[in-house]
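Inspection log for the structure reproduced underneath, given as structure tokens.
The values are calculated or read from the model by the stated rules, or taken from the named source; none is laboratory data. Small disclaimer: the values here were computed from a predicted structure and weren't measured. When we count neighbours, we look across all protein chains shown, and the Cβ atoms used for this are built from the backbone with ideal geometry, even at glycine.
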Amino acid sequence: MVKILAFSGSARKDSYNQKLVEIAAGGARRTGVEVTLINLADFEMPIFNEDLEKKEGMPAAARDFKSLLIAHDGFLIASPEYNSAFSPLLKNAIDWASRREGDELPLLAYRGKLAAIMSASPGALGGLRGLVFLRLLLSNIGVTVQSGQQAIGNAAKAFNDDGSLVDSVQQDAVIELGVNLARTLAKLKSPE
Ligand code: FNR
């Protein structure tokens, strides 16, 4: 069974990006794959520091996140754009989970995985500039990022109270991101 992990790079209570990734997760679920939706706010990882790692090893919250990445075939990721890059919360989580423990393969959580990325922002570009960096980073650690992506601008007015997007074309496009990731992963697992 294909398994997809969905998360955003925001810990904000009413995060637009968390709402966005939930829409994509719903799309993936429609295809029958298993989708685990998490909120990075629940993981409370300290800022990565090699001294801390040397002294105490990987914090439990970081290991929990890493274990989830390892247990899933693909990722749906939405990130806020902070000063033209993706969020430090997301970078910190990715960094912790990139650390090798014991005799496990390098970048075990990432290599050979697939991802679809998206963003939402109150600005006109919708966080598009941050996705450039996120795509590059994920590619560099072995994650294949699907070519389609969505950046939702004017986010303060873009969502309905139920979390869906006001613009049905945007709503369908974000659902499609989830559907495409799920279908691609399903094909890779069972090629016939
Ligand atoms: C921002 N924001 C922002 N937006 C944007 O489109 N481009 C940018 O470069 C930035 N830079 C930026 C820096 C910092 C430090 C903050 C706190 C915010 C605004 C950002 O998109 C907005 O706060 C979103 O609501 C964050 O996403 P969530 O938390 O709603 O998912």
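Values for this structure:
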{"read-out": "Matching option when the condition is more than 16 Å from the ligand (Cβ to nearest atom), crowded, with 16+ Cβ neighbours inside 10 Å and more than 13 Å from the chain's Cα centre (by Cα), among ILE175, ILE152", "value": "ILE175"}
{"read-out": "Cβ-Cβ under 8 Å pairs, at least 6 apart or on other chains, the stretch 26-43 side within 25 Å of ASP172 (Cβ to Cβ), far side of a type in the set (Ser, Thr, Tyr) and in a strand (DSSP E or B)", "value": "ASN39/SER8"}
{"read-out": "Odd one out for ILE47, checked against (1) within 16 Å of the ligand (Cβ to nearest atom); (2) under 12 Å from the mean Cα position of the chain (by Cα)", "value": "(2)"}
{"read-out": "Filtered residues of the stretch 63-104 (kept if more than 12 Å from the ligand (Cβ to nearest atom), free of Cβ contacts under 8 Å to residues at least 24 places away in the same chain, assigned to a loop (DSSP other than H, G, I, E, B) and of a type outside the set (D, E, K, R))", "value": "GLY102"}
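Here's the yes/no breakdown for (1) small (Gly, Ala, Ser); (2) within 16 Å of the ligand (Cβ to nearest atom):
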position	(1), (2)
LEU5	no, no
GLY9	yes, yes
ASP14	no, yes
ALA24	yes, yes
ALA28	yes, no
ILE38	no, yes
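Per-residue answers, yes or no, for (1) modelled with pLDDT of 95 or more; (2) in contact with a strand residue (DSSP E or B) (Cβ under 8 Å, 6 or more places away or on another chain); (3) not in a helix (DSSP H, G or I):
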{"position": "GLY123", "(1), (2), (3)": "yes, yes, yes"}
{"position": "GLN149", "(1), (2), (3)": "yes, yes, yes"}
{"position": "ALA173", "(1), (2), (3)": "yes, yes, no"}
{"position": "LEU177", "(1), (2), (3)": "yes, yes, no"}
{"position": "ALA182", "(1), (2), (3)": "yes, yes, no"}
{"position": "ALA186", "(1), (2), (3)": "yes, no, no"}
